[in-house]
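The values are calculated or read from the model by the stated rules, or taken from the named source; none is laboratory data. Please read these numbers as outputs of a predicted model, since none were measured by experiment. A quick note on method: Cβ atoms are made from the backbone with ideal geometry, for glycine too, and the neighbour counts reach across all protein chains shown.
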Amino acid sequence: MFVSANDAPAIRATDGLPIHGRNVLRSPFLRFTLRRLCGSLLLVFLTVSMTFVLIELAPGDMVDVMAGEAGTADPGYIEQLRSAYGLDRPLLLRYAHYLQHVAQFDLGYSFRVNKSVVDLILQRLGPSALLMAAATGLALLGAIPLALLSARFADGFVDRVASMITLISYATPSFLIGLTLILVFSVDLRWLPSGGKDTLFSGLTGWSRFVDIAQHLILPAVTLGAFHFAVYTRLLRASLINVLHEDFVRTARAKGLSELRTFGVHALGNAMLPLVTMVGVQTGALLGGSVVVESIFAWPGLGRLAYEAIAQRDTNLLIAIVMVSTFVVAAVNFLVDILYFWLDPRIEHG
C-alpha cells in the first residue's frame, strides 16, 4: 500500500507504539480490564500462599494420619515418611518448592489415592459447577418475580409476606434446610432421591439419564440456593424501589406505558445492575456452602472433596482445591466486572 508524506504523521511511532496502538492502550475499558486481571491473579497468589502457610502451621500432618491408619507410632517410621514426602524441610523451602511446581502446572499427587490432583479436581469440577449454576438459577428464578411483586406493592400485604419468606430463607442454616427437604420429599413423600448425583448402576443414557440427574439435583440446588434467594430478593427489591422514583420512570408512566412494561423493561433493566454484582460476589459463598450441601446429599463435587482432604490432611489436594476455587471466584468476578462496565458505561472505573 502506498503512503504519501502527508500521511506519515498518522502512523509515526511515539514511545515505541503507533498512534492507533496508543489509543487502544488508553481505552478506559482496556485499562479497566488489565487492572482487574492483575488484581485477580494477585488474589489467587495470596490466597494460595496463605492457605499453604496455615495448613503447614496447623498441628499434625498427613504423616500422622498415615501412621495412625497403619497402627504404628514408631518414631523412626514416622521420620522416614516425613523425609519421603519432604516434610522435614524448612517451611520456606517447601513453599518455594511448591510454587515452582505450580508454575509448571504440576499440582502434585494425592497420597490417599495415589492419583494426580488435577485428575481428581477435574472429576469433581463438573458436578460442582452444575450444582452452583442450578442453585444460582433457582435463586434468581424465585428472587426476580418476588422482588417485582414486593416493590410493586411496597409496604402492603404482599410485601410483608415476601419479607417473611426471605427472612426465613436467610436465617435458616443450610444443613437444616437440607435435612428437612430430605425428610419431606425423600422419606415421607418419596418424590425425589435423597443423595448422590445419579442412580447407581442404572445404565441410563440420553434423556432418561438427564431426567435422573435433574431429580438428584433438585434438593441440593434448592438447599444451596435458599440463602442466596433471600439476598437477591431483598437487594433487587431495594434497587427497584429506588429506581421507581427516578425521572425516566415517571416519564414512562406519563407517556401511558403499562405498569408491566414500566416495571419489566424500564425499572427492572436499571435495577439489575446491583444484582449482577451480587451474583459475582456470592460465588465464593456458593463454593463455601457447597462443602456442607455436598456432604449432606453425597454430591460428588469439589466441596465434598475439600472436606475429605481436610479430614485426611491431604495437603496437596486441599491447596489445589483452594487454588482452583479462588481462580473460579476471581474469574467470575472478573467477568461480572466486565459485564457491569458494559451494561453501564457511565460508571467511572478510573
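Every condition in (1) surrounded by fewer than 17 Cβ atoms within 10 Å (Cβ to Cβ); (2) assigned to a helix (DSSP H, G or I); (3) over 16 Å from the mean Cα position of the chain (by Cα); (4) not basic (Lys, Arg) is met by Phe105 except one, and the failing one is (2). Each residue in the range 154-170 was checked for being closer than 17 Å to Thr180 by Cβ and either crowded, with 16+ Cβ neighbours inside 10 Å or in contact with a Leu (Cβ under 8 Å, 6 or more places away or on another chain) (or both), and 2 pass.
Within the range 266-292, work out how many residues are assigned to a helix (DSSP H, G or I), closer than 23 Å to Pro173 by Cα and not β-branched (Val, Ile, Thr).
The first filter runs over the range 266-292 and keeps only residues assigned to a helix (DSSP H, G or I), leaving 266-281, 283-292.
Those left that are additionally closer than 23 Å to Pro173 by Cα: 275, 278-281, 283-292.
Filter again for not β-branched (Val, Ile, Thr), leaving 275, 278, 280, 284-290.
Counting residues in the range 266-292 that are assigned to a helix (DSSP H, G or I), closer than 23 Å to Pro173 by Cα and not β-branched (Val, Ile, Thr) gives 10.
Selection of the range 293-313 for residues being among the small types (Gly, Ala, Ser), within 21 Å of Asp212 (Cα to Cα) and in a helix (DSSP H, G or I) yields only Ser295.
Here Gly196 meets each of (1) touching a residue at least 12 places away in the same chain (Cβ under 8 Å); (2) under 29 Å from Ser150 (Cα atoms) with one exception, condition (2).
Assess whether Leu235 counts as being buried (at least 21 other Cβ atoms within 10 Å of the Cβ) and within 30 Å of Cys38 (Cβ to Cβ).
Details: buried (at least 21 other Cβ atoms within 10 Å of the Cβ): no; within 30 Å of Cys38 (Cβ to Cβ): yes.
Spelling it out, it is not the case that Leu235 is buried (at least 21 other Cβ atoms within 10 Å of the Cβ) and within 30 Å of Cys38 (Cβ to Cβ).
Exactly one residue out of Ala230, Ala214 is under 14 Å from Ala139 (Cβ atoms) and either under 23 Å from the mean Cα position of the chain (by Cα) or free of Cβ contacts under 8 Å to residues at least 12 places away in the same chain (or both): that is Ala230.
Within the range 152-161, identify whether any single residue is of a type in the set (Gly, Ala, Ser) and closer than 24 Å to Thr262 by Cα, and answer yes or no. Within the range 152-161, one or more residues are of a type in the set (Gly, Ala, Ser) and closer than 24 Å to Thr262 by Cα. Any idea which of (1) buried (at least 18 other Cβ atoms within 10 Å of the Cβ); (2) part of a helix (DSSP H, G or I); (3) at pLDDT 75 or above; (4) of a type in the set (A, V, I, L, M, F, W, C) is the one Phe263 doesn't satisfy? It is condition (3) that Phe263 fails. Per the conditions (1) within 25 Å of Val329 (Cα to Cα); (2) crowded, with 16+ Cβ neighbours inside 10 Å, the sole criterion not satisfied by Leu122 is (2).
Taken together, the residues in the range 133-151 that are buried (at least 24 other Cβ atoms within 10 Å of the Cβ), under 18 Å from the mean Cα position of the chain (by Cα) and not aliphatic (A, V, I, L, M) amount to 0. Answer with yes or no whether Asp119 is free of Cβ contacts under 8 Å to residues at least 60 places away in the same chain, farther than 30 Å from Phe229 by Cα and under 22 Å from the mean Cα position of the chain (by Cα). For Asp119, the condition - free of Cβ contacts under 8 Å to residues at least 60 places away in the same chain, farther than 30 Å from Phe229 by Cα and under 22 Å from the mean Cα position of the chain (by Cα) - is met. Scanning the range 227-243 for residues that are of a type in the set (A, V, I, L, M, F, W, C) and touching a Leu at 6+ places or on another chain (Cβ under 9 Å) yields a total of 6. Of all residues in the range 201-227, those being surrounded by fewer than 15 Cβ atoms within 10 Å (Cβ to Cβ) and over 18 Å from Ile296 (Cβ atoms) number 12. Within this structure, Trp207 passes the test of being modelled with pLDDT of 85 or more, more than 26 Å from Leu287 (Cβ to Cβ) and either in contact with a Ser or Thr (Cβ under 6 Å, 6 or more places away or on another chain) or not in a loop (DSSP other than H, G, I, E, B) (or both).
Go through Leu275, Leu305, Leu318, Leu335 for me and flag whichever is hydrophobic (A, V, I, L, M, F, W, C), farther than 28 Å from Gly196 by Cα and over 13 Å from the mean Cα position of the chain (by Cα).
Working: Leu305 fails: farther than 28 Å from Gly196 by Cα; Leu318 fails: farther than 28 Å from Gly196 by Cα; Leu335 fails: over 13 Å from the mean Cα position of the chain (by Cα).
Among Leu275, Leu305, Leu318, Leu335, only Leu275 is hydrophobic (A, V, I, L, M, F, W, C), farther than 28 Å from Gly196 by Cα and over 13 Å from the mean Cα position of the chain (by Cα).
Residue count for the range 148-171, restricted to those that are in contact with a helix residue (DSSP H, G or I) (Cβ under 7 Å, 6 or more places away or on another chain) and in a loop (DSSP other than H, G, I, E, B): 2.
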